[in-house]
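Okay, structure first, notes after.
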Amino acid sequence: MSGTTLAIVLAAGEGTRMNSAKPKVLHKVAGQTLLARALGSVVKARFAKAAVVVGPNHQAVADEARRVMPGVDCYVQTERRGTAHAVLQARSSIAEGYDAVVVLFGDTPLVRTETVQRLAAAVHGGAGVAVMGFHAKDPTGYGRLLTDGGELLAIREHKDATDAERQVTLCNGGMMALSGRRALELLDAIDDNNAQKEFYLTSAVEVARAEGMLAVVVEVPELEAFGVNDRLQQAMAEAVIQKRLRQEALRSGVTLIAPETVFLAPDTKIGRDVVIEPNVVFGPGVVIDDGAVIHAFSHIEGAHIGKGASVGPFARLRPGADLAVDVKVGNFVEVKNAKVAEGAKISHLSYIGDATVGAEANIGAGTITCNYDGFRKFVTEIGAGAFVGSNSALVAPVKIGDGAYVGSGSVVTKDVPANALAVARGHQMVKAGWADSFRARPENVAKKKT
């Protein structure tokens, strides 16, 4: 894209209809805050800079903006005096001099990166103002975009529209791009001559045309203009985003056996010929290599799954889980911050955290790495080809050498050398006939009769 672009994200809304103590833009869809999604589109569009306008006492919103985009400029709108007033809070960023200024809203998570780029491109192409518009199935309540021969003449609010204008289905989608070189001139010329005594960004169209500038419409599907104002709309946005993500996965060569039951994150990366069974949930930061199988009811976040690996059913991979080629993580197994080398198996009911597991090692059912002493985390190292018997506890820091065996039911507190056998459990005691004498006790006989 030729020319430089500044993006301004308006994130000052309180979101009282969310019935929440959190600002609206900190609520999530597809594992991301609404604000993160807006800034994500700016990052993908490769704009030169971004600024975020937040409400008073919303430091958490500014913190989230800086987490997503370090170095972003944050401005506070202390008075709620309309959208143009909000944009002008970023005056110092606008004054730095950009070819285009694109205004986004923090609560419209369905806008595509391509749309943001198209708005900027329209201004780079010579328009003074470009407005996102859509054809509404029911335009009632929306501002109408009045056009003539491809030019945008005005934005008419529904209450101010004539009967003829109300027949127009092309509606205002909210987002707008302004000529960067004249943005401050346009914004400063907007007045508050309305019943609400507020400065509306939509007035930029009228101001631009009065100055001889071209105003145009960038049309998008109606869904892209969808805003989140309450929990119902949040759920609706989630459904749309998940549908998009599932379609992308299917087109890329992934098998989703029951697509509607799989939940993906926007950054989930899945290779070809991966099979994902029903009711699997992916959090952020997951990479799955070709040919892996994710069995039903697994939950995965911040993990890498190697080629041909098998996970689940009912497995949980937490951040830092790194499975190599052909690793098996079975049912009711949890892995956290652990590297599991090629061909290793953790098949049943185990917890492996803060650990390394060598190639072809076998971890028996019920094995846990005891990695936390209440204050600090410690590492367990399990060597290649090691065999850890069922129901064992490995108390970190501890090393199990290559090819070593750990007897079932052991509590291992000391290193086990390579190819050694470690058994750490009480000796079995057998008392012949004890069960018969126990059952014959008078109190037990009486209990059995009742």
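Every number in this text was worked out from the coordinates using simple rules, so none of it is lab data. Note that the coordinates shown come from a computational prediction; the quantities given were computed from them, not determined experimentally. So basically every Cβ, Gly included, is an ideal-geometry build from the backbone, and we count neighbours across all protein chains shown.
Over the chain, what relative contact order in percent results from Cα pairs under 8 Å that are six or more residues apart?
8 percent
Remark: spin-label model distance E165-F378 equals 7.5 nm, labels positioned 7 Å along the Cα→Cβ axis.
Could you check what % of the DSSP bridge pairs in segment 359-450 are antiparallel, to the nearest 5?
Values: 1 of 16 bridges.
Just about 5 percent of them are antiparallel.
Seen against the Cα atoms of the chain and their longest principal axis, helix 59-68 is set at about 80 degrees. Counting lysine pairs in segment 231-422 whose alpha carbons fall under 20 angstrom apart, excluding pairs fewer than 8 residues apart on the same chain, gives 21.
If you stretched the chain out fully between R17 and D63, how much longer would it get, using 0.36 nm times the residue separation minus the C-alpha to C-alpha distance? Mind showing how you got there, number by number?
Numbers: separation 46, 0.36 × 46 = 16.56 nm, distance 2.28 nm.
This chain segment gains 14.3 nm when fully extended.
Relative to the first principal axis of the alpha-carbon coordinates of the chain, what is the inclination of helix 231-251, with its axis defined by its Cα atoms, in degrees from 0 to 90 and to the nearest 10? Roughly 70 degrees between the two axes. The distance from the alpha carbon centre of segment 110-187 to that of segment 312-342 is 50 Å, rounded to a whole number. As a calculated quantity, the FRET efficiency between R181 and K137 at R0 = 41 Å, using C-beta atoms, amounts to about 0.60. Between the C-alpha center of segment 63-97 and that of segment 376-450 there is a gap of 61 Å.
Nearest 0.05, what FRET efficiency do K269 and D402 give at R0 = 35 Å with Cβ-Cβ as r? Efficiency, rounded to the nearest 0.05: 0.60. Given R₀ = 41 Å, FRET efficiency for Q247-K414 by Cβ-Cβ distance, to 0.05? Calculated value: 0.15. Full extension of the chain between R112 and K44 gives 23.5 nm of extra length, using 0.36 nm per residue less the Cα-Cα distance.
Among the DSSP beta bridges whose two residues both lie in the chain, what percent are antiparallel, rounded to the nearest 5?
Numbers: 19 of 93 bridges.
Percentage antiparallel, nearest 5: 20.
Which of the three applies to the chain, rounded, prolate or oblate, going by the alpha-carbon gyration tensor with a ≥ b ≥ c and a/c under 1.5 meaning rounded? In terms of gyration-tensor shape, prolate.
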